[in-house]
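Below is one structure; the comments refer to it alone.
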Amino acid sequence: MLPLYREHHFTFRFAEDRRVPRFHLEGVRAGHRVTVFALDGDTGDRRGVLAKATAGDGGWVDLSEPLVVRAGTGFVAVPVPTVAVRDETPEDIEAVRRVNRLAFGRDDEAALVDALRHGGYFRASLIAEVEGRVVGHVLFSDLPILTTTGPVPALALAPVAVLPDYQHLGVGSELVRRGLDVCRERGHGIVVVLGHPRFYSRFGFSTALASRLSSPFSGKEYFMALALVSGALDGVEGRIEYPSPFGRWV
Ligand SMILES: CC(C)(COP(=O)(O)OP(=O)(O)OC[C@H]1O[C@@H](n2cnc3c(N)ncnc32)[C@H](O)[C@@H]1OP(=O)(O)O)[C@@H](O)C(=O)NCCC(=O)NCCS
């Protein structure tokens, strides 16, 4: 079983039904994390995530459950790349547009980012690079909570985007984690997000923390908040008004 190695991906194809408990990745060091995707036998495209594992001695990857592979199909093993996260610079603006367009498959989020940039709402705009290529982007923008005693500063996390070929490799998580650290370092205390609870709960976002914030999304499971510093949301009750760049969504 010799995998076809191309651009850091290892593709395994099988002529007959197989159960695969382990496989070998030439040149991959022990301890390196690997995401395993199903391979579409007809198109050669990657499908859903089959497993996540860690390479052992000599590049052997032992799976907790054997993969069950049908004849004519296979799987793609992708070693998790090293990701560098840094602030966006003016030279990155086109790459940021491209990442958002390709990740979402439409122009809307790239346009939202541009509108928030031009409106002066940016507080942290970070990009993820793999081998010098921009593969991901996350934006935090100003979104104060309007309370009876005045506005309480808060940030919106939106959007976060990773190029399709780099998804499910930990890039999005690294961007959000590093982004939250940067926001905390810059003195911010509260972040609000609209997104999938399965993805955002790992960073501490919760619907419960957003329960006293009124917005067009109040009560929805995908409307979540996070306190970057302990107690930042204590006693905060108020209204969120998304600024005009969000107009199409709210
Ligand atoms: C969502 C997104 C940013 C995550 O980035 P990523 O690099 O793939 O994320 P990670 O590898 O760190 O984490 C992957 C996990 O996130 C969750 N996840 C990823 N995409 C998801 C989605 N569309 N819905 C729900 N959960 C999702 C899953 O739990 C996934 O785990 P898995 O890899 O075992 O399937 C990326 O998939 C993306 O750009 N998607 C298209 C744009 C988008 O939907 N952005 C989020 C809304 S603002």
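Every number here is computed from the coordinates shown, using simple stated rules; none is lab data. Here the structure is a predicted model, which is why all the values come from computation and not from measurement. Cβ atoms come from the backbone with ideal geometry, glycine included; neighbour counts cover every protein chain shown.
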Inset, instruction - Stick to the Cα atoms of segment 4-79, pair each with every other, and give me the Kirkwood hydrodynamic radius in Å at one decimal. - result: 12.3 Å
Legend entry - Bins of 10 Å, starting at 0 and running to the largest distance - Cα pair percent for segment 84-246: 11, 41, 37, 11, 1
Legend entry - Modelled FRET efficiency - R0 35 Å, Ala84 with Glu16, Cβ distances, 0.05 increments: 0.25
Legend entry - Rounded to whole Hz, the Karplus (6.51, -1.76, 1.60) HN-Hα couplings of segment 95-102, x for glycine and proline: 5, 5, 4, 5, 4, 5, 4, 6
